[in-house]
């Protein structure tokens, strides 16, 4: 594996393209048959870079000050894990404050698959309400 094809190098290119809003460079980081899944949202699963391009064209257009900060990263073999903080301003003036972890499989210097766990930050009623919601099915928001 060439150093430029290492999972951490691919992640660095991906993150830089996100922060430049360079859609072409961003999409070039993905394998044509990229497989994406969001385990907490199974209906968001898709395959192929056309959907990647569609999704991120909307993100860059809708959030002109979008920024991705890699909080922590690690790689093992062909996998790279990244904890991200995504920020920006949406067209309605609300702030994007999304955080989470993405796990990517890298093959041939491109992201071949991903498991995304990114979510908007939400303020609730605290840990007790969250545990109650998980354990008993009650709403965690006040």
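The values are calculated or read from the model by the stated rules, or taken from the named source; none is laboratory data. From a predicted model like this one, the values you see are computed outputs, not experimental measurements. Backbone-built Cβ (ideal geometry, glycine too); neighbour counts: all protein chains shown.
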Test for residue 109: is it surrounded by 12 or more Cβ atoms within 10 Å (Cβ to Cβ) and in contact with a helix residue (DSSP H, G or I) (Cβ under 8 Å, 6 or more places away or on another chain) = yes
Give, as residue ranges, the helices (runs of 4 or more DSSP H) completely inside segment 1-107 that count at least 1 residues that are at pLDDT 95 or above and closer than 19 Å to residue 117 by Cβ.
-> 7-20, 49-62
Boolean, residue 104 is in contact (Cβ under 8 Å) with a residue 60 or more places away in the chain, surrounded by 15 or more Cβ atoms within 10 Å (Cβ to Cβ) and touching a helix residue (DSSP H, G or I) at 6+ places or on another chain (Cβ under 8 Å) | yes
